[in-house]
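What follows draws every value from the coordinates through simple rules; no lab data is involved. These numbers were taken from a predicted model, which means no experiment stands behind them.
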Amino acid sequence: MQAHILNKIQSHLQTAQKISNLTHSIQKAANLAIATLKNGGKILLCGNGGSAAELAGRYKKERKGLSAIALTTNTSALTAIGNNYGYDFVFSRQVEALAQKGDLLWGISTSGNSINVLNAIKYAKEMGCKILGFSDKEGGEMKKICDILLLSPSHDTPRIQEMHLLMAHIICDLIKKATLKA
């Protein structure tokens, strides 16, 4: 059992080390988010498990709440849209209701092929939103439609999701630094 635990930790560390090759892309993603907020736009997040709590709430230190909405948290919208239109449209219908030109949609899909995330991205793009995506090493369909796509350097679902969280925390930290200066 100890060997198994150590193997998982080592796998995590090896994948995290590869993230250092993405510093320029992570910076571009943070700059896009910062510019969106500074220009009065909002950030909408969608994914099967994603959250905007650290943007709307706080990240490490107290600061003004940022305009961010997790499209995963409104159970009334999720169940009504899922019931009336199907699960493939739970995010795109919310994008239709909430997004405006100049906003940023941050889509997260481990495979890059989650239909509900792809539908939201396509709709947001049509509305004039910028698109930030998180996906696996290959990027799936998201690779074709995101303005910035951060590819987690792995095919292993736990490592992909761990790196998404690491990159998201880095971006939140950069947003915090930029917004505290303002």
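Counted over the chain, the DSSP beta bridges are approximately 5% antiparallel.
Rounded to the nearest Hz, the phi-derived 3J(HN,Hα) couplings of segment 162-179 under the Karplus curve 6.51 cos²θ - 1.76 cosθ + 1.60 (θ = phi - 60°) are 5, 6, 4, 5, 4, 5, 5, 5, 5, 4, 4, 5, 5, 5, 4, 4, 5, 7, where x marks glycine and proline.
Amide H contacts under 5 Å for Leu45: Ile69, Ala70, Leu71, Trp106, restricted to partners 5 or more places along the chain or on a different chain, H placed in the peptide plane at 1.01 Å from N. Taking the Cα atoms of the chain, the ratio Rg/Rh between the radius of gyration and the Kirkwood radius comes to 0.98. Restricting the calculation to Cα atoms, segment 71-125 shows an Rg/Rh of 0.94 when the hydrodynamic-style radius is the Kirkwood one. For segment 99-182, the normalised intensity computed at q = 0.20, 0.22 Å⁻¹ comes to -0.89, -1.00 (log10 of I(q)/I(0), Debye sum over alpha carbons, equal scatterers, no solvent).
Rounded to the nearest whole Hz, the Karplus-based 3J(HN,Hα) values (6.51 cos²θ - 1.76 cosθ + 1.60, θ = phi - 60°) of segment 154-161 follow the sequence 6, 10, 8, 3, x, 5, 4, 5, with x at glycine and proline.
Separation of segment 67-145 from segment 20-36 is 20 Å, based on Cα centroids.
Listed by chain and number, the aspartates and glutamates whose C-alpha is less than 16 Å from the C-alpha of Lys177, apart from same-chain residues fewer than 8 away, are Glu54, Glu62.
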